[in-house]
Amino acid sequence: CRDSNGEVHKFDSQWRNADCYDCTCSRHGIQCCSSFATPVEYDKEKCISIFNKEECTYKVVEKDDHSKECPVHVWVG
C-alpha cells in the first residue's frame, strides 16, 4: 500500500500517520481512522480547542487565558 505521502507499507501493517490517524494496509487498500476525540460541545464564544500533534489530543481552553481549561460536554471520534 502506498500512503498519501508516497510511503510504501506492507500488507497487514499498522501505523499512525503524521496527522494522528491510525492506519492499516490490506490487500483491499489503506484504511485510516482518527486516534483522537474531537470536542464538539463547549462554549465556542469563550473557549477555543487546540490540537497537540505530538500527543494527538485536543485541549479546550479559554480564548483569553490558555491556562484555564473549559468544560466539554460532548467529544466525538
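The values are calculated or read from the model by the stated rules, or taken from the named source; none is laboratory data. A quick note: this is a predicted structure, and the numbers were derived from the prediction, not measured. Here the Cβ is made from the backbone with ideal geometry for all residues, glycine too, and neighbour counts use every protein chain on show. Accessible surface areas use protein heavy atoms only, side chains included; no ligands, DNA or RNA. Shrake-Rupley method; radii C 1.70, N 1.55, O 1.52, S 1.80 Å.
Points to keep in mind about this one:
- Simple spin-label estimate for ILE48 and ASN17 in nanometres, 7 Å along Cα-Cβ: 2.7 nm
- Test item: Cα-centred dipole of the chain, Lys/Arg +1 and Asp/Glu -1 on Cβ, debye: 320 debye
- Cleavage-rule hits (trypsin sites (Lys or Arg not before Pro)) in the chain: DSSP loop, at most 15 neighbouring Cβ within 10 angstrom: LYS10, ARG27, LYS44, LYS46, LYS53, LYS63, LYS68
- Accessible surface of SER26, taken over heavy atoms with a 1.4 Å probe and every protein chain present, rounds to 40 Å².
- Over the chain, accessible surface divided per residue gives 76 Å², non-protein components excluded, 1.4 Å probe.
- Proximal lysines to LYS44, defined as alpha-carbon separation beneath 29 angstrom and excluding residues fewer than eight positions away on the same chain: LYS53, LYS59, LYS63, LYS68
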